[in-house]
Each structure stands twice: as structure tokens, then as C-alpha cells.
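Scroll down for the structure; my scribbles are underneath it.
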4 protein chains.
Amino acid sequence: MSDFESLREECHAANVALPATGLVDLTFGNVSVCDRELGVFAIKPSGVAYDRLVPADMVIVDFDGRVVDGSLRPSSDTPTHRRLFLGFPGIRSVVHTHSRHAVAFAQAAAEIPVFGTTHADYFRGSVPVTRALTAGEVEADYEWETGNVIVERFSDMDPLDSPAVLVRNHGPFAWGPSGEKAVETALALEIVANMALKTLAINPAAHRLGRHLVEKHFLRKHGDAAYYGQSSPG
Amino acid sequence: MSDFESLREECHAANVALPATGLVDLTFGNVSVCDRELGVFAIKPSGVAYDRLVPADMVIVDFDGRVVDGSLRPSSDTPTHRRLFLGFPGIRSVVHTHSRHAVAFAQAAAEIPVFGTTHADYFRGSVPVTRALTAGEVEADYEWETGNVIVERFSDMDPLDSPAVLVRNHGPFAWGPSGEKAVETALALEIVANMALKTLAINPAAHRLGRHLVEKHFLRKHGDAAYYGQSSPG
Amino acid sequence: MSDFESLREECHAANVALPATGLVDLTFGNVSVCDRELGVFAIKPSGVAYDRLVPADMVIVDFDGRVVDGSLRPSSDTPTHRRLFLGFPGIRSVVHTHSRHAVAFAQAAAEIPVFGTTHADYFRGSVPVTRALTAGEVEADYEWETGNVIVERFSDMDPLDSPAVLVRNHGPFAWGPSGEKAVETALALEIVANMALKTLAINPAAHRLGRHLVEKHFLRKHGDAAYYGQSSPG
Amino acid sequence: MSDFESLREECHAANVALPATGLVDLTFGNVSVCDRELGVFAIKPSGVAYDRLVPADMVIVDFDGRVVDGSLRPSSDTPTHRRLFLGFPGIRSVVHTHSRHAVAFAQAAAEIPVFGTTHADYFRGSVPVTRALTAGEVEADYEWETGNVIVERFSDMDPLDSPAVLVRNHGPFAWGPSGEKAVETALALEIVANMALKTLAINPAAHRLGRHLVEKHFLRKHGDAAYYGQSSPG
């Protein structure tokens, strides 16, 4: 049990941070954090209010989907998180919300166009949207297949270049190297969706940000040549 | 009087929860909770500020519309609540708000299309809108007839499949098995109305959610096969 | 001075209530309250932050526009308030804000259509917008002429039927029998402007509320036959 | 070091005021304040959360771009601030935010039209938008060139007449005689952008405010003949 303590704490801290960001209403949202050495991830229990969560409530699930520690039922979205941890080896945390502007793009079956530098600070291009699930996929293993269409969407993209996706008619999933960073990305996603919706309201034919500026801003914050913040990576 | 104490407390708790949800402005909103064995319901008094309400202020009204306990005048919407308790035997609580996005759909005389899974978690299809009241109905017994057009709208629908409705040019009514749950549904309604309005702004021709996904999400949370949350129903 | 104490207190209370309603930003807003027997009104001083206001700061101005008590300069909008007190004998308080949705309709030179019952609870029809001021009017006596075009707009309307107006390209003025009630009306105006904008976004051809329902709702709250709230008027 | 104490305090106060205005999310925003006699400006350090900032964290940079005091790395936008201090001799403080409505206009490559008096109280005409940077400018010295296109945009305008600009596909910069006043202008900019977006939603063909009213409102608050507030300038 003590093996999972720090994992539970990180996962708990990220989950309880969600309501303060304004990203979630009611119990619409969950965060998981994995430990690849232990081969498990911690995830929020299903349908529990954020203000009642304690670290011990986080459910520990292995990469085969078995609950290995914890007395509560894990989030019903657990198979989606598991599929992402298996499909994207470079990530440690997954966040799912129903934040309103990101959901609106997902419901409109529209990617979020890269209209400005706020967007490019986090995403190296437009934020993609998945294809619809087939009736068979919904029937068979819905939450797992939700993860599958996400991984499929990234077959020719690096999930670290766009650390978020819109599941069509559903909503956003974001990810990152830690619970805290994945929540920040989920918040940035909602902000850029908000700005993109307003941009389209002013000018439905607004131009995408030029490729050189996308690269400039994304690489100002990511990778070996980053020069934003107080520490130099690489 | 002590017969009504727990009813008043549940009704009071649900009414004072309204302002915290952001669903109501000024005194635009009220909740009732009924006890079918006693044949009465508790309802908010008319035009009293939420922060001054105490449980004893809740007015007890019987199913014939007579005030049977309480010193204040009941909400002017009382006949609408009464009509719903009579018409929908499966419900225990009714919530009326003027929440802004739901009102906008009501004023636009437009149902709220089922664009995504957030919606389908609460409503098994688009949220319907009533027909307009006739001048005669407005003249004769306005608030009762408002309940009548709601019940008429559900003549071929189960009110538990769509636990909310939009009264045309007026606003939403929601219901449920308890004051707390009915308020949650009123909040979910406002959220999905908000998301639907934004969805239409991005894509006026957005597709409805496929029937299989509507069923999947609604039944994930409702009925015998539900698997969301910590307890298994049925 | 003690003659003006209760007037100053009512005016102060209404002014400091403005920021809590979300109606004003920075110092964009002011309330006046008049005493017709004394022939004066109290008004907010110009450009003072709401959180620093004390009752003694309220400036007392007579109906000829002379400051009769107080050490600060009155709001630059004082002549507009004075014109309304002179033109509308039935009112005691005037509120001016730059609340965002009401300003948007004023800037669009569009009345706020009566789309629903929330609106009709406060206004007996669409909320009117004034004509533009001429360059000569702006030059000569700008703030007084602003009051003039408002009074002109009501030449064939009762200012108690629509206790608010939009000054074209400027913003809303509201009024009422007390500072508290005038602020409530200014808040209701912003809410119905918000709902109207959303209604038009969903359905640009939305129908106005039928005349019988406008009358029903307005008279449910106003006049001898009112039956909303805890006390019966008339 | 004590030479910079008051400069750091003014800069710190303005930076920590940003989150309370709602203008910034995460760490998207920074304020600088210059002392032209000392030939330096204080600026926020890069990527530090507002709630952890203390005055001593403010970095002191000279007009050649050298850090002359402070242990942290200055904001990555420092060269833009420096360019503005050099190009606009009449300003003392620069504020950069990613406030959502102003960003939306910047992303839409649209100026903010002067639709009403709220706007004209702060800006003597529409708020301009810069041209796009060339790929070469982005490559060579991105943040400095961002300042350059701003200065270029004002080649035939007085920066005190429009104390803010939109950098295309990026966001707003505002300025003023003090940190406090520049933040106020950044807030006013966001408010008028918000109102302008709503105005266009109601009436895409809305008229600009007449020149006489723009002049009236701008000069009511600025210049020798100002008569707003408690002190007479000039």
C-alpha cells in the first residue's frame, strides 16, 4: 500500500484541483496518474464529489485493467485512460473533463484551429477531433474503444505535440508528464477553445497562425531550445 | 406540523442550493418536494430572498391546492408544480428556474438538441419545448395551464426519460426523485443548453448524437444496468 | 445637513450594491435618489471607487442643478439624472450602468425585444432605445441633452411601464421608487438583455411574447391586481 | 538596489493586480514600469505564478536590454516592452495580457471598432491591430520585432490617443503613465472588446460612434478640458 501513496497523493491533488479551474461541473471529470515501473495507475473513483475525496479513495488499477488496490469502484472512464497509457508511452497523466468550450467543438465535430500564440504555446497545431464510434464499438466495449479512436487519431501525430484531443460528440482528454501539468493543459485547452469560438464569431474566415509562429511559440516552451520560465531544459 | 418537518427541510435545502448553482437571479426560482402518502407538497414562499429563507417558511399545500400549513403565501407558480405532481406520478420534486441558456432555448421556441454525451447522461433525447398557451388559457388559470401544456407535451414520452422541459417563452422546469436530484438535473439542463448554444455557434448543422450513444450514456447512469457511481441500482 | 442623512444613506447603499451585482466595472455606474419635498437629489461623486464611498460622500444637488451640500464634485452624469427627475414625476431613483449586454444592444442601436416572461415581469414591452444625439446637442450641453432624448423617447409611453431605456451608443438608464428597486431593475435589464442576445443567437427570427402574456406577467407583479410576493398592493 | 525599490513595488503591485481583474490565466501576462531618469524598467520574471511573486523578484533591465539587478530571468516578452519604452517616450508602464475578448479580435485580425462611449472614454478611435510578422522577423528576433510592428502601427497615430494595440494572432498590449493606470486600461480594453463582440452578434452592420461623441467622451477624461473625477488636470 505504501508503494502507491505518492501516486495517490499526486492523483488526488490533480483531481481536487479540477473544480477550482472551473473545468468541471458536478462530477464530470477525472484524472489518472501512472507509475510505469509499478505497472499501475491511480484514478478517481466513480461519481464521488470532489470535496469529499481523500487520497486513499484513489483506486489503483494495473495495465490489464484489474483493480489492485482500493475499496471504491474506479471511474467508468477507466478503460479509456488505460488505453491511452498503453498507446502513448511518453505520458504519465490523463485528464478528462466536460469543459464547455472544448465540448462545444467536440459536439460540432470540429477541430480547434490554431488561431494564435496562446494556442501555439501548448499545441503544435490544431487540436484534432476523433472519428465517431461505430454502433458495434459502442456496444462491445465502449470506454476502451473511446481510447482506441483517440490512439487511432494519433497514428501519424506525436501525442506530445498535441497533448489533448476532442472525442467527437463527447469532450476533451488531455495528458502530460504529471497530474499538475495535465490539468494545466486541460485548462489551456478550454481557454484556447473559448478564444477560438469568439474568433470565429468575429471572423468566420479567420486565418490560421503561420507555421513559423506556431513553431516559434511551441518550441519557446517545449524541447531543448526552450527559453520560457526559470529553468533551461536540455 | 412535525409531520412536515423533514419535507420542509428537504425543500428548504434544495431552494437555498439554487443561488449557489448560479441558476437563479433575484428571486427567479423555486423548488417543491412532495410526500405522496401525506398527499401534500412543500414549496418556497413567493418573492422571499433565498438568504432569508428558513425551513419553517416552506408552505405546505395539498394536491387540491389548499394551503394546509404555513403562514406565508406560496410561490405564484404553485399550481404548475401541483399539476406536475398530479400528472407525473413517478416524481417527488419539481424545480423551476430562469437559468439563462435554458431560457434562451425556451424563448427561441427551440428544443435542446442532444449533441453529446453530457446531455445523454441526463436526458434520453432532445429536451422538448411546450406549445404556446392560448390567450384563453392565460386568462383562465395561467399557472395551472402552464402545468397542463407540460403534461400534454409528455403524452407520448416518459417524464423520467426527459426529466426537464422548456415552457415556451418562459423557461425550464426539471424534476426528480428528491429535491437534491431535481436541482442537479436543473443544473445539468443549464449546462447542456450552454454547450448546445456554443455548438450551434460553431456548426449550425451539427449532427445529433447517434441513438446507440444516447442509449449507452443514459442507461450507464439510469435503470437496472447502470454502472456509474458507487452503488449498483436494481 | 441632517435633512439629507437618510437620502444619503439610501443613495450610498444603492451605489455600493452596484459592484456586487456585476453590473459595473471600474467606476462605470452611478445611482441617484431624490426627495421631491426637499426638491433635491443625492448622487454619487465623480470617479470615486465604490469601496471607498461613505454616505457623507454623496453630493446633494437641487432640481436647478446647484450643489447644495457636499464637498465632492457630483457625477459627470448629474444633468442626465436631473433631467429624468424633472421629466418623470413618478420616479424616485435613477441608476446608470455600463452593464455589458445592455450596452451591446445600445451600441447595436437595437431595442431589447420582449422574448419571454422574465422580461415581462419587469417591462411591459420591448425596452426602447433613444435616437442619436446631434452634434449640436453633444456640443451644447451633452449630459442634459442625453436626458432630453430619453424623455423625448417616452413622449408616448409611461416610464413606469418600461422602467429602463437604452441610450444609443452609450448604455442603460433604469429607474424606480427607491434606490434598491432601481438597482434591481438595472439588474433585471442586464439579465433580459443577456437572454435576448442568446435567444437571437439560436433563432434570429424568434417571436415576441404574445401581448396577453406580457400583460399577464407585468400585471402579476405591478398594479392593483398584483399577486406576486407576500403583500398585496392597492 | 534601494534605487529600484519603489519601481519594483509599483511593478509588483501591478502584476499581482492582474489575476484579480480576470485578465490573465495561468502565467499569461506581465507588467513593466520604467524610470526614465535611471534608464531602466522593472518587469515580471518569466513563468512565475502571481501568488508567489514578491517585489524583490521583479527584474531590473536597462534600455539596452541588459539585466542590471535581480536574480531571476525576466519575462520572455521583455524585448517587446523595451521596444515600446524606446518608441513611445510618453509612457511609463506596459501591460501584456491574453485577455480573451481582446485576443479574439487579435486572432480575427480585426480592429476593435469604437461602437460606444465606454470605448471612447479610453480610446480616441478604434483600437488598431498590427500587421503580421514575416517569417524572417520571427526567426531573427521575435519579441523585439513584435515591439517593432507595434511602433510601426503608430507611425501616424499618437500612442496616448489609443493606449492599447492588438498584436495580430497574439493579443493585446496596453500602456499608461503608471502600473495601476496601464492595468486599468488593459481591463477597459477587455471590456470594450467584450461589448464589441456582443454588439456585432446583435447587429453585424452596427454603426461606429460619431466623431463628435468620440471626441466628447475621450476629452471628458483626458487633456486640459477634462471634467471627470475629483481633480482638474491642466
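Details
- Residue count, the stretch D:9-50 (criterion: under 24 Å from D:Arg100 (Cβ atoms), at pLDDT 90 or above and among the charged types (D, E, K, R)): 1
- Selection of the stretch A:207-234 for residues being open to solvent by 50 Å² or more (accessible area, probe 1.4 Å) and assigned to a loop (DSSP other than H, G, I, E, B) yields A:His207, A:Arg208, A:His222, A:Asp224, A:Ala225, A:Tyr227, A:Tyr228, A:Gln230, A:Ser231, A:Ser232, A:Pro233, A:Gly234.
- Evaluated against (1) within 24 Å of D:Ile202 (Cα to Cα); (2) more than 8 Å from chain D (Cβ to nearest Cβ); (3) small (Gly, Ala, Ser), A:Gly179 falls short on exactly one condition, (1).
- Residue check, D:Ala196 within 15 Å of D:Ser126 (Cβ to Cβ), of a type outside the set (Ser, Thr, Tyr) and within 14 Å of chain C (Cβ to nearest Cβ): yes
- Residues in the stretch B:169-206 that are touching a residue at least 12 places away in the same chain (Cβ under 8 Å) and outside any helix (DSSP H, G or I): B:Asn169, B:His170, B:Gly171, B:Pro172, B:Phe173, B:Ala174, B:Trp175, B:Gly176, B:Pro177, B:Ser178, B:Ala206.
- Within the stretch B:144-158, the set of residues being touching a strand residue (DSSP E or B) at 6+ places or on another chain (Cβ under 7 Å) and open to solvent by 10 Å² or more (accessible area, probe 1.4 Å) comprises B:Arg153 only.
Let's see how each residue does on (1) more than 10 Å from chain B (Cβ to nearest Cβ); (2) over 23 Å from A:Val24 (Cβ atoms):
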{"site": "A:Val95", "(1), (2)": "yes, no"}
{"site": "A:His101", "(1), (2)": "no, no"}
{"site": "A:Ala106", "(1), (2)": "no, no"}
{"site": "A:Ala110", "(1), (2)": "no, no"}
{"site": "A:Thr117", "(1), (2)": "yes, yes"}
{"site": "A:Ala135", "(1), (2)": "no, yes"}
{"site": "A:Val138", "(1), (2)": "no, yes"}
{"site": "A:Val151", "(1), (2)": "yes, yes"}
{"site": "A:Asp156", "(1), (2)": "yes, yes"}
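- Residues (touching a residue at least 60 places away in the same chain (Cβ under 8 Å) and either over 17 Å from the mean Cα position of the chain (by Cα) or farther than 28 Å from A:Thr185 by Cα (or both)) located in the stretch A:115-132: A:Phe115, A:Gly116, A:Thr117, A:Thr118
- The single condition among (1) under 29 Å from D:Asn194 (Cα atoms); (2) open to solvent by less than 10 Å² (accessible area, probe 1.4 Å); (3) without any contact (Cβ under 8 Å) to a residue 24 or more places away in the chain that C:Ala135 does not meet is (2).
- Residue check, C:Pro89 under 14 Å from the mean Cα position of the chain (by Cα) and modelled with pLDDT of 95 or more: no
The values are calculated or read from the model by the stated rules, or taken from the named source; none is laboratory data. Note that the structure is predicted; figures quoted are calculated from it, not measured. Glycine also receives a Cβ, built like all others from the backbone with ideal geometry; neighbour counts cover every protein chain displayed. The area values use the complete protein model at the heavy-atom level, side chains included, leaving out ligands, DNA and RNA. Shrake-Rupley method; radii C 1.70, N 1.55, O 1.52, S 1.80 Å.
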